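Okay, so here's the structure we're looking at.
The values are calculated or read from the model by the stated rules, or taken from the named source; none is laboratory data. Keep in mind that what you see is a predicted model, and the values were worked out from it rather than measured. For neighbour counting, all protein chains shown are included, and Cβ atoms are generated from backbone atoms with ideal geometry for every residue, glycine included. What goes into the accessible areas is simple: the full protein's heavy atoms, side chains included, and nothing from ligands, DNA or RNA. Shrake-Rupley method; radii C 1.70, N 1.55, O 1.52, S 1.80 Å.
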Amino acid sequence: MIKHTRVDRIILSLNAVFLCLAVLAVLVPLVYVVIASFMDPNVLLNQGLSFKVSDWSLEGYQRILSDDSMVRGFINAMLYSAGFAIITVVVSIFAAFPLATQGFVGKNAFMTFFLFTMFFSGGLIPTYLVVKDLGMLNTVWAILLPGAVNVWNIILARTYFKGIPHELHEAAKVDGASDLLIFFKIVIPLSKPIIFVLALYAFVGQWNSYFDAMIYLEDPKMHPLQLVLRSILIQNQAEPGMISDQLAMAELAKVSEMIKYSAIVISSLPLIIMYPFFQKYFEKGVMVGSLK
């Protein structure tokens, strides 16, 4: 049994307190949003949270799920996020492997070029013009391709690949293996943690994104869930300058409040369900570069 000194016990106690505060900072808003999504808006606005079943209502979920665009947006978001994650991971690991390989000529120049694009970009208008000239407007490729090359993901994958013992590469080459065979038979099987972490990062980023779809997609049938939810919230937003009837404005404000919390729960549910399956890989992948 390890004996802790007084200073160690103080530090461990402070760490425990800090972790408890961090958990509460995440858990309390999450619980509040979940409970508020099931509550009657009148009770929520007047009394706050209530644990009485009689004060709860499913009207917010009914209003959202009754809209056909919600189901279509959910399917679109899943397809966009999964496709974007696959493309991003494939591009990242194929770019990172040669950059992590000893003897690759010009890898420093390539890395400098990648880092330059990480800090400096053309901006929204040049990117829009490129997407337009390539004929990708109002297509799924406008969502999947422009952000597929993520320099930070390449750096993470490169750092992980460097941690794989070089002796494995040399032993495989002695047996006559080519670089591609080494990549697929040795590197990829040993790189599941970083692959799953990169896929999770890309999936979450694309799932929460709506700006690119708002810029590039004109057809409402192609809109992802986040953009559909945004449209629903805007449509149910009370604006005093447009509504003269105070009762109608108050009712619209209640509906908007109810839909807001229900929309947050619905949009977060896939990520909450998915994370436990990625957790064992996530814990390993986030430590990339921390140890040598």
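Listing for the model above:
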item	result
Sparse-neighbourhood loop sites, trypsin sites (Lys or Arg not before Pro) in region 1-40 - DSSP loop, at most 13 other Cβ within 10 angstrom	LYS3
In nm, spacing of pseudo-spin labels at TRP141 and LEU21 (7 Å Cα→C-beta vector)	5.2
Size descriptor, Kirkwood hydrodynamic radius, that averages inverse alpha-carbon separations across region 151-208, Å	12.6
Cβ charges +1 (Lys, Arg) and -1 (Asp, Glu), total dipole of the chain, debye	1200
Heavy-atom accessible surface of region 1-80: percent carbon and sulfur, 1.4 Å	70
In nm, spacing of pseudo-spin labels at LEU30 and LEU124 (7 Å Cα→C-beta vector)	3.3
Interchain or long-range residues, amide H under 5 Å from MET39's placed H	SER57
PHE113/LEU65 FRET efficiency (R0 45 Å; Cβ-Cβ; nearest 0.05)	0.45
GLU218, GLU59, ranked by accessible area, largest first (probe 1.4 Å)	GLU218, GLU59
Cα-Cα P(r), the chain, percent of pairs per 5 Å interval	1, 5, 8, 10, 12, 12, 12, 11, 9, 8, 5, 3, 2, 1, 0, 0, 0
Alpha carbon centroid spacing (whole Å) that separates region 187-236 from region 86-104	23
Helical segments meeting 30 Å axial Cα length and Kyte-Doolittle -0.5 threshold in the chain (DSSP H)	6-37, 68-100, 246-285
In Hz, Karplus ³J(HN,Hα) per residue of region 184-189 (6.51, -1.76, 1.60; θ = phi - 60°; x = Gly, Pro)	7, 9, 10, 5, 4, x
Average accessible area per residue (Å²) across region 64-123 - probe 1.4 Å, nucleic acids and ligands excluded	58
Cross-link table LYS107/LYS132; LYS107/LYS185; LYS192/LYS221; LYS107/LYS173, entries beyond 29 Å C-alpha to C-alpha	LYS107/LYS132; LYS192/LYS221
